[in-house]
Structures are given as C-alpha cells and as structure tokens.
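The values are calculated or read from the model by the stated rules, or taken from the named source; none is laboratory data. All values reported here derive from a predicted model rather than from experimental measurement. Here the Cβ positions follow ideal geometry from the backbone for every residue, glycine too, while neighbour counts run over all protein chains shown. These accessible areas exclude ligands, DNA and RNA; they are computed on the full protein's heavy atoms, side chains included. Shrake-Rupley method; radii C 1.70, N 1.55, O 1.52, S 1.80 Å.
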Amino acid sequence: MHFRFINKLFLWTFLLHWDMYAIEAEETDALSGFQNLTKDYNKYLRPNFSEQPVEIAVTLEIASIASISEDNMDYTSTIFLRQRWLDERLVFEGNTSITLDPRLVQLLWVPDTYIVDSKKSFLHDVTVDNRLVRLYSNGTVLYALRITTTVACNMDLTKYPMDRQTCKLQLESWGYNDKDLVYKWMRGNDSVRGMDNLQLAQYTVEKYYINITTGMDETGTYPRPTLYFVLKRNIIYFILETYIPSSLLVVLSWISFWISRTSVPARTCFGVTTVLSMTTILMGSRSTLPTANCIKAIDVYLGICFAFIFGALLEYAVTHYCSEKHAARKEREKKIPPEEWQDNAVILVNNECKEMTKEDKIENLKSEIGTNHFRVNLGFWLKIREQLNMSISFFTVGNPENIDHYSRVAFPLLFLIVNLFYWLYYLYF
C-alpha cells in the first residue's frame, strides 16, 4: 500500500510538471510568433504608407455622464473607445485571434486619436492600464480604451429651466489628415451604446445621432466622427422649488384687497412681508441658479411675480391716498356749502361795482384797450389750464372703495393671462 501511494504521488507530480511545461511552451511559441510578426515591423509608419489612407472603424460605449455644468459649459463622461483597422503587416496563419498584453501596444502603430474640445481627460489605470489590444489573423487590430473626459458644450440658457441642450463628442486624428487616415462608424447608427440606459439627475437624453464631419485647419482637412446627443432638462424640481412658491406669494398678496382700507398697519405689514419674501426667493435663486450672459426664463417669471406683489403694495398706497383726498374734500364741503360760495361771490361782485367811481371806470377802460394782446394770451393759457383740470378730474377716483373691488378681479385675471403667454412661449416657441 505504501509503495502504491508513492507511485500515484510520483505520477501526479509528473503530470503536473508536464502541464506546466506545455503551458510555458505554448506561451513561448505565442510570444515568439508575435516577435516574428514584429521582426521587420516599423511602428513609426502607418499601414499602407504612401498609398491609400488607412480606414479606422470606431464604436463608442457611454458608461456614464457624471456631471453637466452650466457654469463651466461642459460635461464629464466615461467612455469606452474601440478602434479597428487593417494592418497587413500583422497577418498570420490560422483562424484565431491573439489578445496581447496592453504593454505590447508600444510595439505597434496605433492612430493618434484625440477628443476635440476636451478640457481634461485621463486613461484609467486601476489595477492596470485599461487597454485592450487584440490581433486577428487577417491583420485586423482591435484597440480599446477606457477614458474619462471633460468636454466643452456650448449651452443656450435663454429658456432655462425649460431648455434643451445639444452636446457633442468629436474624435479626430491629431497629425494624420484625410489623405492618410479616415474614420467611419463601424455599425452605422448602432455604433453607439449605453445612451439609452443613462440615468441623469437633471436631464433626460431625448435623442442622439452620429455623423462624420470635417475639421478645417491650415495643415489640412481632418475627418471627425461625431456623436450628438440632446439633453432635455427635468423641470419638475424647479416647479416645486421656485415656480409654485413664487406663485403662491402672488396669490397671498391679493388677500390684502379684502382687508379694510382703514386697517393701515395690517395692509402695510401684509404687503411688506410678501415683498420681502419674494426678495428672499430672488436672492436664493441668484446663488443656486447658473450665471449666464442672458436673461433666463426663470428670471423672467420671478420678475413677473415680484412686479405683481409690488403692484399689490402700490395699490394700497393709491387707495389710501385717494381715501384721504376724498375725506378731505368732504370735510371742506361740510364747512362751506356750495350755496354760500355762490352768494358770497355775488355780494363781492356787487360791492366792487358800487365802490367804483366814474374816473375809475375810465381808467379801467383805458387799461383794457391797452392790454388786448395780453388778454388774448391770458385766455389761451386759461383754456389750457381748463383742459388740464378736466384731464385730472377724469382720473380722479370718486369712490376709493372701487379700487379694491376692481383689483380683486383685475390682478388675478392679468396674472393668468401673463402666465398663459409665458408658458406658451417658453414651451412651444
């Protein structure tokens, strides 16, 4: 039994060493095969050098869009960039493919692709460089990278927060123009993956599409495979945070129209409180909303709400002033009735006529003849004064209580009309 156990242990040890030797031999053959491929290989020359341009087939996978900044006008995204091209110098026998160590990419020619409008980018290197290099027997090379990049995106914030932003991701060769290198999307519209599964905080990916554009430079024309994606902002947050509170403050300011106009402290305190509350919302929006060199839609709405609240406060000032004037006029009418005004005027005129002598009448006649021109001018200015008095009397409020009655209908109706035009314009135009 002991001898049989030793024989089995010897056999297992022999088989284990034989497998390890076979694996090492296979790896050595593969490495020697790669060394044979790259023996006369010049990595500094592109495929088809001095001939037709090399064609790079591109696919993209969007792993995530981490942040979209309106202040910096950019977005940060993590992408998987895969490029395929044919290099006839790397053809080998068989129907298999070889996956190489990423460090061996230094021995091959690879396209100098970069991201246009990129502010900051880096290649992931945990736990090793996130690269993939795979050779196919027909000479096709697959080169994949995992990149996180911050790309500029010009945004129009005029309709913020009901805006749609179109951002793009452009690829381009740094040194090879269209005579040396051309790009194409490998699978057409299916060359981009991951956009349908993105979950963003403030946006929804409404649509995306691809295209091949060109970049003109003094060194030549460079093809650009471009991904366009349209981001629609989710407005529900802003409705709950800004639109509803500001609208409720406007409605709250209308309560003062039902408070008696004689309650000066109540109506004044009510109006000032709503104005200060609206000012607080305005100041808060300044600190949280993005700054832009244009007037945003939310700024317009906050301005409208502030105007209505301030108008309600001014309405009471006008009502109180008209009430005071109306009360003062009534007091004067009580002290001097209109009949006494007419009798006193008749008495004064008769007294003046009686006291005038014959000489005074002659002198008055001479002065009247000498001042006809002055009287014509005086009559002209008296007519203007009469017209002004008529115009002022037209705007004079007979009953100040009517101001509150009209305001109870006019303010809500006007606010509804303004809201209707506001939402129609910013949502559909």
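Stretching the chain fully between residue 72 and residue 251 yields a gain of 60.8 nm (0.36 nm per residue, less the alpha carbon separation).
How far is the Cα center of the range 167-207 from the Cα center of the range 103-133, in Å? After rounding, the separation between the Cα centres reads 17 Å.
Accessible area per residue (1.4 Å probe, heavy atoms of protein chains only) ranks 91, 250 as 91, 250, with the largest value leading. Taking K and R as +1 and D and E as -1, what net charge do the other residues with C-beta under 12 Å from the C-beta of residue 296 add up to? Spelling it out: positives minus negatives among the neighbours equals -1. The calculated FRET efficiency for residue 202 paired with residue 96, based on their beta-carbon distance and R0 = 51 Å, is about 0.60. For the range 29-135, the Kirkwood hydrodynamic radius from C-alpha pairs, put into Stokes-Einstein at 37 °C and a viscosity of 0.692 mPa s, yields a diffusion coefficient of 198 µm² per second. Taking 0.36 nm per residue of separation and subtracting the current Cα-Cα distance, fully stretching the chain between residue 280 and residue 189 would add 27.9 nm. For residue 120, the solvent-accessible surface computed with a 1.4 Å probe is close to 140 Å², ligands and nucleic acids excluded.
Straightening the chain between residue 51 and residue 217 buys 57.5 nm, computed as 0.36 nm per residue apart minus the Cα-Cα spacing. Scoring 204-213, 412-421, 310-319 by mean Cβ neighbours within 10 Å over their residues and listing the highest first yields 310-319, 204-213, 412-421. Considering only Cα-Cα distances, which of the following residue pairs are longer than 24 Å: 184/207; 43/119; 120/179? Over 24 Å apart, Cα to Cα: 43/119; 120/179.
Rounded, prolate or oblate for the range 239-296? Axes are the square roots of the Cα gyration tensor eigenvalues, ordered a ≥ b ≥ c, and the cut-off for rounded is a/c under 1.5.
Numbers: a/c = 3.52, a/b = 2.53, b/c = 1.39.
Prolate.
A probe of 1.4 angstrom, applied to the heavy atoms of all protein chains, finds residue 179 with accessible area near 150 square angstrom. At 7 Å along the Cα-to-beta-carbon direction for both residue 423 and residue 154, put a label point, then send me their distance in nm to one decimal. So the two model labels end up 3.3 nm from each other.
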